[in-house]
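Only one structure is covered here, and it is reproduced in the block below.
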Amino acid sequence: MSYVENKNGGLYLTGTRVSLDSVIHQFQHGAAPESILRSFPLIGSLERVYGAIAYYLANQSSVEEHLSRQADLWAREQKSHPLPDSLQDRLAANPRFPR
């Protein structure tokens, strides 16, 4: 079974709109597979979470390159499209969104 697919240049869990990036970021920050599944119920099963993690571990260098490109793209987009000051203030006041 294939757990990850490439769609329009992005890596996604097969048959979902859940990006591999989202799963791997949580995994890298110590989230258990069960916690990842609770965060992204559209994944559907623990098998698919473990499959995504196994894909990452088997292809770590290419996935890390992908994650780095995505981070660079995100940083460029943030600079070229800044959030309105009022929204930045609300996010800064929320402890769930550290700066």
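All of Leu46, Leu20, Leu83 fail the test of being touching a His at 6+ places or on another chain (Cβ under 9 Å), surrounded by 11 or more Cβ atoms within 10 Å (Cβ to Cβ) and among the hydrophobic types (A, V, I, L, M, F, W, C), apart from Leu20. Taking segment 10-34 as the range and being within 13 Å of Tyr55 (Cα to Cα) and more than 11 Å from the chain's Cα centre (by Cα) as the test, only Thr14 passes.
Table: residues versus (1) modelled with pLDDT of 95 or more; (2) touching a Leu at 6+ places or on another chain (Cβ under 7 Å); (3) at negative phi.
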| site | (1), (2), (3) |
| --- | --- |
| Asn6 | no, no, yes |
| Ser19 | no, yes, yes |
| His29 | no, no, yes |
| Ser35 | yes, no, yes |
| Arg48 | yes, yes, yes |
| Ala52 | yes, yes, yes |
| Ser62 | no, no, yes |
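The residues on offer are Arg69, Arg48, and the sole one that is in a helix (DSSP H, G or I), closer than 23 Å to Met1 by Cβ and among the charged types (D, E, K, R) is Arg48.
State yes or no: is Ser61 out of contact with any helix residue (DSSP H, G or I) (no Cβ under 8 Å at 6 or more places or on another chain), free of Cβ contacts under 8 Å to residues at least 60 places away in the same chain, among the polar types (S, T, N, Q) and assigned to a loop (DSSP other than H, G, I, E, B)? Taking the combined requirement at face value, the residue does not satisfy it. Annotation: of all residues in segment 1-17 being surrounded by 19 or more Cβ atoms within 10 Å (Cβ to Cβ) and not hydroxyl-bearing (Ser, Thr, Tyr), the one that is farthest from Glu65 (Cα to Cα) is Leu13.
The values are calculated or read from the model by the stated rules, or taken from the named source; none is laboratory data. Owing to the predicted nature of the structure, the values given are computational and were not obtained by experimental measurement. Neighbour counts run over all protein chains shown; Cβ positions are idealised from the backbone, glycine included.
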